[in-house]
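Accompanying notes for the structure given below.
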Amino acid sequence: MDPTALNSGDTAWMLISTALVMLMTVPGVALYYGGLVKKENVLNTLFMSLIAFAITSVIWVIYAYQLAFGTDVGGLIGNGANLFFNGITSATLAPLAPTIPITIYAAFELVFAAITVALISGAVVGRMKFKAWLLFVPLWITIVYVPISHWVWGGGWLAKLGALDFAGGTVVHLDCGIAALVLCIYLGSRKDVRLLPHNLGYSVIGAALLWFGWFGFNAGSALAANGLASSAFLATNTATAAGMISWMIIDIIKTGKPTVLGAITGAVCGLVAITPACGYVTVTGALIIGFATSFFSYYAMTWLKPRFGYDDSLDVFAVHGISGLWGALATGLFAAPFINSLGVGLFYGNPMQMVWQLIDIGTVVVWSGGWTLVLAYVLDKTIGLRVEPEEEREGLDISLHEESGYRI
Amino acid sequence: MLKEITAIIRPDKLEEVKNALAEIQCKGVTVTEVKGRGRQLGVTESYRGRDYKVDLLPKTRLEIIVNDKDTDDVIDIILKTAQTGDIGDGKIFISPVDDVVRIRTGERGEKAV
């Protein structure tokens, strides 16, 4: 098979994968978050994810894709050629995946960018101005996401260094988790910080759609319909199931009763943790990664959060930040060269891999945390970041959108 | 003389109570979904390792206007059908009513019940 000619099998799989990942944001994340908030904020919460997807879709084709995945300039950024996709035809192949068209490659990367920014909303629901969110989304994608995705996936300096991130443990999850933490600290606590889901069934459906869509996210990141994609598929499912079971065990030990919210939270933690590792590790590695990750995220939620007193409404940092961090480290430990020749982890005799992983993690923490703080400051001083106290009391659905989720 | 009987009962007992009342020809009833608490002070729910006291529980409120002589029959029926013996069965309040007017005809008093 010619590795630089269009392959219809690969192309078909990437078309499907892209649609699967789209489903993760709209409606996956939207429902997962929407069910957890109080009923006066359900529409606002759903809307934050929906509009994040739409805004990212538009800026991605105009300029963001070209900067993230255009020809590398000095390891730092893409060259920005072909703005508005001018000059690209239906026959143009993706330079970084030359068996599929560039258009589906760009769409696949687009749905990753969109879910990353949508995930941040979970930390700030219930108090952030919607208009501030409308500006935060394109600015954050441009300033934070585009460079990081270029460095790790677009042929930038972290990729050249040898950092491993198969499907976005650092680019997506650590990235959004850190941004979420910074933004929620900047915004301050809600008046009512209790987590009392108004419709946990929504969240179960949302989490199930995440799990389903994640096969596109992880197995699709092979960028081909091949053995590596299949290996990533099985690793993903294994870690997710292990994460769900281990969270349930923690629940039983801690409170005596298994909870549904705990089970779906554990599943999402498993998905997040296996994301950077899925194309490098064995099934045994996936089991360990998935089983362990719930312990770290549970600890972050029940110990770290109350201790420092930040109001991360739906625990984006604990789930995506901490499980993403663990996944990135675990990739450096468990990467097996017989699964993917590009990755040799510590347990297979390459301790330096841990150094590359730590550099990747440190870079993402500093870049995402620093720029998110700058963006929060600038938006706060210009249009304001937080809703008025009476708007928050009344609920954001009525006060910001003049709609209500329920008339029953 | 007319009485108002207000009963706060378990929502899942509504059908039983309503049907039993209809059998003794007590047909008119106004039903409201309400929230409240009694001596038990609600239940505990646990989300992501944190416990929350949910101190207002869903209940169903029945308002029934009856002639004085029927009051005890109605109370008996509600007691018999709504009682489980566990905490949270609810309460019945009885109070006098000055007058009743049927809007359709303008009838007043016992004829209007």
Rounded, prolate or oblate for the range A:147-227? Axes are the square roots of the Cα gyration tensor eigenvalues, ordered a ≥ b ≥ c, and the cut-off for rounded is a/c under 1.5.
oblate
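Once you have a ≥ b ≥ c as the square roots of the Cα gyration tensor eigenvalues for the range A:185-269, tell me rounded if a/c is under 1.5, and otherwise prolate or oblate according to whether a/b is larger than b/c.
Prolate, because a/c is 1.5 or more and a/b exceeds b/c.
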Based on Cα coordinates alone, diagonalise the gyration tensor for the range B:1-53, multiply each eigenvalue by 5, take square roots, and list the semi-axes in whole Å, largest first.
34, 13, 8
Can you tell which of A:Y63, A:Y33, A:Y299 shows the greatest fluctuation in a Gaussian network model of chain A with Cα springs below 10 Å?
A:Y299
Using only the alpha carbons, work out the radius of gyration and Dmax of the range A:336-389 in angstrom.
19.6, 57
Please list the equivalent ellipsoid semi-axes of the range A:105-145, computed as the square roots of five times the alpha-carbon gyration tensor eigenvalues, in descending order and whole angstrom.
21, 11, 7
How large is the charge dipole for the range A:290-408, taken about the Cα centre, if only the Cβ atoms of Lys, Arg (+1) and Asp, Glu (-1) carry charge, to the nearest 20 debye?
700
Round to a whole angstrom and tell me the spacing of the C-alpha centers of the range A:57-113 and the range A:245-301.
34
At most 16 other Cβ atoms within 10 Å plus a DSSP loop assignment makes a site exposed; report the longest stretch of chain A without any exposed trypsin sites (Lys or Arg not before Pro).
A:195-406
Picking from A:S221, A:G9, A:G370, whose Cα lies most toward the positive end of the charge dipole for the protein assembly as shown (charges on Cβ: Lys, Arg +1; Asp, Glu -1)?
A:G370
Of A:A232, A:A12, A:A113, which has the largest mean-square fluctuation in a 10 Å C-alpha GNM of chain A?
A:A12
Given a Förster distance of 41 Å, the FRET efficiency implied by the Cβ-Cβ spacing of A:L342 and A:T255, rounded to the nearest 0.05, works out to 0.45
How much net charge surrounds A:C176 when only other residues with a Cβ under 13 Å from its Cβ are counted (Lys, Arg +1; Asp, Glu -1)?
-3
Starting from the Kirkwood radius over alpha-carbon pairs of the range A:17-173, derive D by Stokes-Einstein at 37 °C in a medium of 0.692 mPa s and give it in µm² s⁻¹.
204
So if each residue of separation counts as 0.36 nm, and I subtract the Cα-Cα distance between B:L41 and B:L56, what length gain in nm does that give?
4.6 nm
Fully extended, how many nm does the chain gain between B:E110 and B:M1 (0.36 nm per residue separation, minus their Cα-Cα distance)?
38.5 nm
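Based on the Kirkwood radius over alpha-carbon pairs, what is the Stokes-Einstein translational diffusion coefficient of the range A:16-82 at 25 °C with 0.890 mPa s viscosity, in µm²/s?
Estimated via Stokes-Einstein, D reaches 179 µm²/s.
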About the Cα centre of the range A:181-323, how large is the charge dipole given +1 on each Lys and Arg Cβ and -1 on each Asp and Glu Cβ? Please answer in debye to the nearest 20.
260
The range A:140-190 - convex hull of the alpha-carbon atoms, volume per residue in Å³
79
Between A:G74, A:G168, A:G327, find the one with the highest GNM mean-square fluctuation for chain A; connect C-alpha pairs within less than 10 Å.
A:G74
Per q in 0.06, 0.09 1/Å, what log10 I(q)/I(0) does a Debye calculation on the alpha-carbon atoms of the protein assembly as shown return?
-0.37, -0.69
Given charges at beta-carbon only (K, R positive; D, E negative), |dipole| of chain B in Debye
460
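Go ahead and run the numbers for FRET between A:T71 and A:E402, Cβ-Cβ distance against an R0 of 45 Å, rounding to 0.05.
Calculated value: 0.45.
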What translational diffusion coefficient, in µm²/s and rounded to a whole number, does the Stokes-Einstein relation yield for the range B:32-95 at 20 °C and a viscosity of 1.002 mPa s, taking the hydrodynamic radius as the Kirkwood radius over Cα pairs?
152
Determine the relative contact order of chain B: mean sequence separation of Cα pairs under 8 Å and six or more apart, normalised by residue count, in whole percent.
43
Phi-based couplings in Hz for the range A:306-320 (Karplus 6.51, -1.76, 1.60; Gly and Pro marked x):
x, 5, 8, x, 7, 9, 7, 3, 10, 6, 5, 5, 5, 7, 8
Considering the options B:L62, B:G36, B:I87, tell which one lies farthest towards the positive end of the dipole of the range B:4-113, charges being +1 on Lys and Arg and -1 on Asp and Glu at the Cβ, about the Cα centre.
B:G36
How big is the C-alpha Rg of chain B next to the rule-of-thumb value 2.2 N^0.38 Å, as a ratio?
1.28
Can you compute the modelled spin-label distance between A:L134 and A:N86, with each label point 7 Å from Cα toward Cβ, in nm?
2.8
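No lab work stands behind these numbers, since they all come straight from the coordinates. Bear in mind the structure is a predicted one, so any value in this text is a computation, not a measurement. So basically every Cβ, Gly included, is an ideal-geometry build from the backbone, and we count neighbours across all protein chains shown.
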